[in-house]
Amino acid sequence: MHNDILKRLDIIKNAVAMEEDDLITMQLAKLKQLELDEKALHIIALIEAHQFQDIIQLIEQYKHDSSGLTVFEDSQVQGLKLELKVLENRLNELSDCQAELERQINEFNSEYMQRLGGLIEEILKKRAELEPDDKQAHQNWEEFAQSHQQQIKDAPQTLSSEQQQQLKAAYRKASRLCHPDKLTDEFKEQGAEIFKALNEAYRNQALQRVLEILQHLETGKPLSSTSDSINDKEVLKAKIAMLRLRIAELEAETKALQESEVYQRIQQIKDRESYFAELEQALQLELNALE
């Protein structure tokens, strides 16, 4: 924590020398989130009062006075921790993207079944009745009927645009707190269970459930993140290698979802109501022909 204060003050000192007001403001906001002593608070008060004449000297004196309290941190460890943090952010982006693709696909499949499943089931049933000796026709009917009923049972909740935005925001916050690939070994199993439940709730657009998981994560015992707690170079390197591998897997999985037939169809549909109406009409004509 003390090292963080010194780093922030050092950035502010350089920003003062370069007359970078925006950088000073940004670092000041982050510095105020830390637990500060009276000398650091005095420096902040002078900066907020725009009294910069003695700031550089005061920061240098503060660093000198704090030298005995400073914990040495290997520069390579610092670099590795930053690299790990960047990879964790990339992991978050990919996980969010994958979850959103799965949500859209699940929502479309559910609507497809609700709008057209009954007609398709009737068509398959009629074909099986017309060909009593055709085992494949009977199997197709039975399997679809079972899938149709399960899809209706597991249909995602219908949300307004505002609720959709709330769902996405809550999911992003929660996923960053429990993603198992970001956690230390102690919390990985617990995180994996929560993350699985979170993704299932998000896929089904269960807003209340996602909010409940987020509240639990924010108010309960925090799960320790790898980049915040590891200072061993070899362990950091191993975690970085693991994350790079996981990111490559997620990139491939995300690409496969984006290139899937159902997602491509979703992207091509401009008017979903017209799309389903046309399919419904075609299926009704097919059923009439069988009858």
Practice task
Determine whether segment 202-212 contains at least one residue that is loosely packed, with under 13 Cβ neighbours inside 10 Å and either charged (D, E, K, R) or within 23 Å of Y112 (Cβ to Cβ) (or both).
Solution key: no
Handout entry: Exclusive hit being outside the structural domain of L245 (by TED's automatic domain parsing) and surrounded by fewer than 13 Cβ atoms within 10 Å (Cβ to Cβ), set A45, A15
Key = A45
Exercise for the section: Look at L223 and say whether it is part of a helix (DSSP H, G or I), touching a residue at least 40 places away in the same chain (Cβ under 8 Å), surrounded by 18 or more Cβ atoms within 10 Å (Cβ to Cβ) and not charged (D, E, K, R). Expected result: no
Exercise for the section: Please identify the pairs in which a residue from segment 34-45 that is more than 17 Å from K7 (Cβ to Cβ) and in contact (Cβ under 8 Å) with a residue 40 or more places away in the chain has its Cβ atom under 6 Å from the Cβ atom of a residue that is among the aromatic types (F, W, Y) and surrounded by fewer than 12 Cβ atoms within 10 Å (Cβ to Cβ), counting only partners at least 6 apart or on another chain. Expected result: none
Exercise for the section: Quick one: count up the residues across segment 150-164 that are under 18 Å from M113 (Cβ atoms), of a type in the set (S, T, N, Q) and in a helix (DSSP H, G or I). Expected result: 2
Practice task
Restrict the check to segment 129-149 and report whether at least one residue is assigned to a helix (DSSP H, G or I), closer than 25 Å to Y263 by Cβ, out of contact with any Asp or Glu (no Cβ under 9 Å at 6 or more places or on another chain) and in the same structural domain as H216 (by TED's automatic domain parsing).
Solution key: no
Problem - Unique residue being closer than 30 Å to Q164 by Cα, assigned to a helix (DSSP H, G or I) and in contact (Cβ under 8 Å) with a residue 24 or more places away in the chain when the list is N92, N3 - result: N92
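The values are calculated or read from the model by the stated rules, or taken from the named source; none is laboratory data. Everything numeric in this text was worked out from a predicted model, so none of it was measured. Glycine also receives a Cβ, built like all others from the backbone with ideal geometry; neighbour counts cover every protein chain displayed.
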